[in-house]
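Here the structure is laid out as structure tokens; the discussion comes afterwards.
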Amino acid sequence: MTIRHLKIFITVVDCGKMRKAADKLYMSQPSVSQAISELEKHYEVKLFERLSQRLYITEDGKLLLSYARYI
């Protein structure tokens, strides 16, 4: 994984929605979704629960977030 993936992940967590994160990062929403999907596949975990067009970070996501912020 790259620093870019971690920056996208942190921004999605901070914004709570992929659309808002995409706007903040000047990216398309599908690109943000793809980056999160790549992280989930790489680490073989689910980082977010997706409910009612809102994202809720999982315990695995919280663990990755602490490492991502440190990096």
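Return the total of residues in the range 1-12 being of a type outside the set (D, E, K, R) and open to solvent by 30 Å² or more (accessible area, probe 1.4 Å). Residues meeting the conditions: 4.
When Ile71, Ile36 are checked against the criterion of being within 18 Å of Met1 (Cα to Cα), in contact with a helix residue (DSSP H, G or I) (Cβ under 8 Å, 6 or more places away or on another chain), touching a residue at least 40 places away in the same chain (Cβ under 8 Å) and of a type in the set (Val, Ile, Thr), Ile71 stands alone in meeting it.
The values are calculated or read from the model by the stated rules, or taken from the named source; none is laboratory data. Remember, predicted model here, so these are calculated numbers, not experimental data. Here Cβ is always computed from backbone atoms with ideal geometry, including for glycine, and neighbour counts include all displayed protein chains. Quick note on the areas: whole protein, heavy atoms, side chains included, nothing else; ligands and nucleic acids left out. Shrake-Rupley method; radii C 1.70, N 1.55, O 1.52, S 1.80 Å.
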